[in-house]
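For reference, the structure discussed in these notes is given below.
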Amino acid sequence: MTISFQRLGLAPDYVDYQEAWDLQRRIHDEVAARTHGPEVLLLEHAAVYTAGKRTEPQDLPIDGTPVVSVDRGGKITWHGPGQLMGYPIVELSNHAGIRDYVHRLEEMLINVVSDYGITAQRVEGRPGVWVVGTDDAQDRKIAAIGIRVDHGVTMHGFALNCDNDDSAFSRIIPCGIADASTTSITEESGRRVRPVDVLDRVQDELTRLLEPAIKTNTPIADEGALL
């Protein structure tokens, strides 16, 4: 089944988080009802903090910055200018399962950043994609993943740090991991790389990796799962 892509808004036309979330939920309901095919939303948000289901009080911004509570898994994170957001809304096949789906998202992100000479990888027990620290340096998260699967259909997705200001993460403990930091393609590669610069590559990799996982006629068993 072919995935369609909708590019909602990129700098300077940032997308309000609530508007994108409302659109996700509408498309999710249509995909679950099989009146809409698989779709991926690609965009940049206006600056916002979002808190997943596992967020704890000590994870919140110390200065009282507003936070949007959402129904994905994971803890608190930041989204905003310079960060590419991807929201795949697809019905997973019976053989795929949630872990396989997350693995495919991680592989896509690893492949995309490798184009810029960046070696990123999975780290056991830490969701997302990481540049592993050497010589006692901290691991650095370059992409985050937080999803929800309901009625076999995915929503939420990934955030790829392209050219964002890392200072926004200093007010929180990103994803609840205190002994690590964040980074971006621009910071690691030494040249400016904006979300618009990676769009085509992200789209190609998502098509290649996700389409084999969404050919299905029945929902998978992992109802209501979060990661």
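ILE110 meets the conditions (1) part of a helix (DSSP H, G or I); (2) surrounded by fewer than 20 Cβ atoms within 10 Å (Cβ to Cβ); (3) touching a residue at least 60 places away in the same chain (Cβ under 8 Å) in every case but one. The failed one is (3).
For the condition at pLDDT 90 or above and of a type in the set (Val, Ile, Thr), THR35 qualifies. Can you confirm whether the stretch 53-62 contains a residue that is closer than 27 Å to GLU188 by Cα and surrounded by 23 or more Cβ atoms within 10 Å (Cβ to Cβ)? Checked the stretch 53-62: no residue is closer than 27 Å to GLU188 by Cα and surrounded by 23 or more Cβ atoms within 10 Å (Cβ to Cβ). For the stretch 2-26, the set of residues classified as surrounded by 13 or more Cβ atoms within 10 Å (Cβ to Cβ), farther than 19 Å from ASP197 by Cα and touching a helix residue (DSSP H, G or I) at 6+ places or on another chain (Cβ under 8 Å) consists of ILE3 only. Filtered by the rule that a residue be of a type in the set (Lys, Arg) and in contact with a Gly (Cβ under 8 Å, 6 or more places away or on another chain), the stretch 51-110 gives LYS53, ARG54, ARG72, LYS75. Restricting the stretch 1-42 to residues that are of a type in the set (Val, Ile, Thr) and in a helix (DSSP H, G or I) leaves a set whose member that is nearest to LEU92 (Cα to Cα) is VAL31. The residue that is modelled with the lowest pLDDT, among those in the stretch 180-213 that are in contact with a helix residue (DSSP H, G or I) (Cβ under 7 Å, 6 or more places away or on another chain) and among the hydrophobic types (A, V, I, L, M, F, W, C), is ALA213. The set of residues in the stretch 58-73 that are of a type in the set (Val, Ile, Thr) and either in a loop (DSSP other than H, G, I, E, B) or over 23 Å from GLN24 (Cβ atoms) (or both) comprises ILE62, THR65, VAL67, VAL70.
If the condition is being modelled with pLDDT of 95 or more and either assigned to a loop (DSSP other than H, G, I, E, B) or touching a helix residue (DSSP H, G or I) at 6+ places or on another chain (Cβ under 6 Å) (or both), then the stretch 43-57 contributes GLU44, HIS45.
Flag not set for LEU92, criterion: touching a residue at least 24 places away in the same chain (Cβ under 8 Å) and within 11 Å of the chain's Cα centre (by Cα). The number of residues in the stretch 115-162 being in a loop (DSSP other than H, G, I, E, B) and more than 30 Å from ARG26 (Cα to Cα) comes to 16.
The values are calculated or read from the model by the stated rules, or taken from the named source; none is laboratory data. Keep in mind that what you see is a predicted model, and the values were worked out from it rather than measured. Methodologically, a virtual Cβ is constructed for each residue, glycine included, from the backbone with ideal geometry; neighbour enumeration extends over all protein chains shown.
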